[in-house]
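Engineer: Starting off with a structure, shown below.
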Amino acid sequence: MEQKLFGAVDDYISLLFNGHDEVLAATEQSIIDSGIPQISVSPNQGKLLNLLAQLSKAEKILELGTLAGYSTIWMARALPVTGKLISLEYDPKHAAVAQKNIARAGLNKVVDIRIGKGLDLLPKLVAEGAGPFDMIFIDADKPPYAEYFEWALKLSRPGTLIIADNVIRSGKVLDENHTDEMVTGVQRFNKALAASKAVTATIIQTIGAKEHDGIALAIVK
Ligand SMILES: C[S@@+](CC[C@H](N)C(=O)[O-])C[C@H]1O[C@@H](n2cnc3c(N)ncnc32)[C@H](O)[C@@H]1O
């Protein structure tokens with residue numbers, strides 16, 4: 001019952017503030033048509049990412065976990081024409097769907113999708129001097145979230161905004177004896193984030209169209 005209400009309120013907010021968007025609707029449809037998991041951020045979360053990118057005056061954004069490019073499009077739309085967004089994706093099928101969606105959104109020149117494992121691609125970004133990024137969105141596989149955070153710091157400058165999605169997992173993070181590596185991965189990340197002297201951070205619980213979860217926000221000192 002509550003989940004139904006949270007979903008309806010999420011729809012209400014999205015209709016009020018986002019309206020109908022052909023490009024994003026086509027991106028959502030591409031996920032269904034290609035049979036890839038429907039695990040993009042929600043429309044209101046996408047809008048939040050867009051606002052955070054604007055607040056950060058971001059010119060360079062790094063994303064871990066492209067899927068079909070839904071969050072990528074929301075963030076890339078906040079960039080100036082000279083801006084750059086690099087998105088890392090392990091699954092070539094997801095990357096191919098995303099590439100079409102990015103092209104439809106007219107963002108080909110802004111978005112650079114790199115295919116491979118995050119932990120293989122991140123050292124390459126450091127080696128090529130791709131950073132520092134103004135905003136980094138961590139939304140790939142959960143077990144190495146703490147390692148992704150360490151690499152994100154290497155690709156940051158003071159003031160970089162680091163965001164990580166799905167860090168509460170319906171409250172499963174409260175169970176210290178949980179064995180699911182998706183849960184233990186974010187537990188490790190949350191502890192590392194809280195203990196890090198390099199950032200000041202918090203987590204916001206999220207409800208709405210998606211199950212109860214949370215988004216971590218950190219500013220590099
Ligand atoms: C939650 S989805 C990303 C959703 C996307 N950010 C959005 O909101 O539209 C996670 C993505 O991370 C990718 N992924 C999984 N393991 C990965 C890895 N080791 N390196 C990079 N990407 C990975 C998955 O294939 C999937 O497309």
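Engineer: In square nanometres, what is one fourth of the surface area of the convex hull spanned by the alpha carbons of the chain?
Structural biologist: Approximately 12.0 nm², given one-decimal rounding.
Engineer: Can I ask one more? Compute the distance from the alpha-carbon center of the range 28-90 to that of the range 106-123, in whole Å.
Structural biologist: The two parts, judged by their Cα centres, are 12 Å apart.
Engineer: For the range 29-100, which GluC sites (Glu not before Pro) pass both filters: DSSP loop (anything but H, G, I, E, B) and at most 16 other C-beta atoms within 10 Å?
Structural biologist: Details: sites: E59, E63, E89; in loops: E59.
Taking the range 29-100 and a limit of 16 other Cβ atoms within 10 Å, the loop GluC sites (Glu not before Pro) found are E59.
Engineer: Now, a different point. Could you sort the peptides 48-55, 95-102, 162-169 by per-residue average Cβ neighbour count (10 Å cutoff), highest mean leading?
Structural biologist: 162-169, 95-102, 48-55
Engineer: A further question follows. Rolling a 1.4 angstrom probe over the protein heavy atoms, how many square angstrom per residue are accessible across the chain? Write out the running numbers ahead of the final one.
Structural biologist: Numbers: 11000 Å² over 221 residues.
In whole numbers, the chain has 50 Å² accessible per residue.
Engineer: When only DSSP loop residues count, what trypsin sites (Lys or Arg not before Pro) in the range 1-85 have their Cβ near at most 12 other Cβ atoms within 10 Å? Walk me through the numbers on the way to the answer.
Structural biologist: Values: sites: K4, K47, K57, K60, R77, K84; in loops: K57, R77.
Listed in order of number, the matching sites are K57.
Engineer: How long are the semi-axes of the ellipsoid equivalent to the range 18-120, from square roots of 5 times the Cα gyration tensor eigenvalues, in whole Å, largest first? Let's see the in-between values first.
Structural biologist: On the way: eigenvalues 72, 57, 29 Å².
So the three semi-axes of the range 18-120 are 19, 17, 12 Å.
Engineer: What are the equivalent ellipsoid semi-axes of the range 122-218, built from the alpha-carbon gyration tensor (square roots of five times its eigenvalues), in whole angstrom, biggest first?
Structural biologist: Working: eigenvalues 115, 39, 30 Å².
Equivalent-ellipsoid dimensions as semi-axes: 24, 14, 12 Å.
Engineer: What lysines sit close enough to K221 to cross-link, taking a C-alpha to C-alpha distance under 20 Å and skipping anything fewer than 8 places away on the same chain?
Structural biologist: K57, K60, K154, K191, K197
Engineer: Next question, about the same structure. List the chymotrypsin sites (Phe, Trp or Tyr not before Pro) within the range 10-111 that fall in a DSSP loop (any state other than H, G, I, E or B) and whose Cβ has at most 10 other Cβ atoms within 10 Å. Write down the numbers at each step before the final one.
Structural biologist: Details: sites: Y12, F17, Y70, W74, Y90; in loops: Y90.
Passing sites in the range 10-111 do not exist.
Engineer: Between K109 and E211, with labels modelled 7 Å along Cα→Cβ, what's the label distance in nm to one decimal, could you check?
Structural biologist: 4.2 nm
The values are calculated or read from the model by the stated rules, or taken from the named source; none is laboratory data. None of these values were measured; they are calculated from a predicted model. Using ideal geometry, Cβ is built from the backbone for each residue, glycine included, and neighbour counts are taken over all protein chains shown. These area figures cover heavy atoms from the full protein model, side chains too; ligands, DNA and RNA do not enter into them. Shrake-Rupley method; radii C 1.70, N 1.55, O 1.52, S 1.80 Å.
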